[in-house]
Amino acid sequence: MRIVDVCEVTKPISSPIRNAYIDFSRMTASLVAVVTDVVRDGRRVVGYGFNSNGRYGQGGLIRERFRERLLEADPASVRDDAGDNLDPHKLWAVMMRNEKPGGHGERSVAVGTLDMAIWDATAKIAGKPLFRLLAERKGREADPRVFVYAAGGYYYPGKDDTALRAEMRSYLDRGYTVVKMKIGGAPIDEDRRRIEAVLAEIDGRARLAVDANGRFDLETGIAYAKMLRQYPLFWYEEVGDPLDYALQAALSEFYPGPMATGENLFSHQDARNLLRYGGMRPDRDWLQFDCALSYGLVEYLRTLDVLHQFGWSPSRCIPHGGHQMSLNIAAGLGLGGNESYPDLFQPYGGFPDEVTVEDGHIVMPELPGIGFEGKSELIAVMRALAE
Ligand SMILES: [Mg+2]
């Protein structure tokens, strides 16, 4: 039982939208396949992975460093203790050999993408949905029902309040109970008008979260906090630079409601610094670390250990990214839910075809691995890479 090949291709996931910081007109993502020599149900087991939107494809790093290390590893040294499956933790250590600590830039995205494929293969070899495998290993009960919220409300050319309201209404019509919109890409008075338009549209039948995408300095973040705290928002997200923990801590003095951040922190050390210095409040705030950008699930398990040390429940985590990997972690390890982009980043994001959102929740199907085989458009692209 061994890994026989690792394939990578960079795919466009471009879109005319923008948030307060970047536009997505040239956005790409890496799609990877970890090919094993194991056969299940008459088919070679191939694990698949991709990186979340917002960071670009990582083909160079994958081809020049991480692929080679996986293929060069002695197969016996990366099996689990029983010897009949891959060990994602040992494979992670192989990928990170000769990598200095700190400086978690693009490297964490490349490793996170491969780690997703390794866990997909591992769960397929075990013949189980990943969320069941994770729950079993943790000695807990899986809960296949997962909270999801609809992220959208981007800025794009020609979009007025009518279009924004129609977009948010469409999320309610599709079963969502929390919707999210971008702020900070327009003057504050214009953002206030957009927020009031959306609140009027959803009319108490859903909650609204807002996301500044790390755009604000302290002064602007506080000015927005004073404006936003007049409304019953679900959360105020990523106010300032992701690594400016003092800014985050200062904001909590001006914003009593829930805040959320973490999608641009890429290691358990950075997560720990946020909890140490960011003034985050475990009774109301939300943590959005995304394993597909931050060294994968092996690292995310370390992050969950950090949370535990600091008195945080995994239920305060609602990861960024809208992919099925985080849905599995949520269902298997008891996270608070997952992001969803109902109209964006296809075919990578979203749910298996038969899954629908009801009362703000989905129910995980019982598919081996991460569940990509249940999403026909996605699995077609994946199989074109490696099968
Ligand atoms: Mg965000």
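The values are calculated or read from the model by the stated rules, or taken from the named source; none is laboratory data. Predicted model only: the values in this text are computed from it and were never measured. Cβ placement follows ideal geometry from the backbone for every residue including glycine, while neighbour counts extend to all protein chains displayed. Quick note on the areas: whole protein, heavy atoms, side chains included, nothing else; ligands and nucleic acids left out. Shrake-Rupley method; radii C 1.70, N 1.55, O 1.52, S 1.80 Å.
Considering the range 267-293 alone, what residues qualify as being under 23 Å from LEU91 (Cβ atoms) and either among the aliphatic types (A, V, I, L, M) or open to solvent by 10 Å² or more (accessible area, probe 1.4 Å) (or both)? Give the derivation first.
To start, the set of residues in the range 267-293 that are under 23 Å from LEU91 (Cβ atoms) comprises 267-271, 289-293.
Selection gives HIS268, GLN269, ASP270, ALA271, ALA292, LEU293.
Could you please find all residues in the range 125-162 being of a type in the set (Val, Ile, Thr) and within 19 Å of the chain's Cα centre (by Cα)? Give the steps one after another, and end with the answer.
Let us first name the residues in the range 125-162 that are of a type in the set (Val, Ile, Thr), namely 125, 146, 148, 162.
VAL146, VAL148, listed by residue number.
Within the range 272-291, track down each residue that is under 17 Å from ASP241 (Cα atoms) and away from the ligand (no atom under 16 Å from the Cβ).
The answer is ARG272, ASN273, LEU275, ARG276, TYR277, GLY279.
Criterion first (part of a helix (DSSP H, G or I), farther than 30 Å from MET1 by Cβ and away from the ligand (no atom under 16 Å from the Cβ)) does ALA197 satisfy it?
Spelling it out, ALA197 is indeed part of a helix (DSSP H, G or I), farther than 30 Å from MET1 by Cβ and away from the ligand (no atom under 16 Å from the Cβ).
Residues of the range 1-29 being in contact with an Asp or Glu (Cβ under 6 Å, 6 or more places away or on another chain) and within 30 Å of GLU237 (Cβ to Cβ), which ones?
Within the range 1-29, none qualify.
Give me the residue from the range 332-387 that is charged (D, E, K, R) and buried (at least 20 other Cβ atoms within 10 Å of the Cβ) and, out of that set, farthest from the chain's Cα centre (by Cα).
LYS375
Sort out which residues of the range 144-171 are more than 16 Å from the ligand (Cβ to nearest atom) and on the phi > 0 side of the Ramachandran plot, and write them in order of number.
GLY158
Run GLY103 past the list (1) closer than 27 Å to ASN53 by Cβ; (2) of a type in the set (Gly, Ala, Ser); (3) in a helix (DSSP H, G or I) and report the number of the one that doesn't hold.
Answer for GLY103: the failing condition is (3).
Just one of (1) away from the ligand (no atom under 15 Å from the Cβ); (2) open to solvent by 30 Å² or more (accessible area, probe 1.4 Å); (3) closer than 28 Å to MET116 by Cα trips up ASP241, so point out which.
(1)
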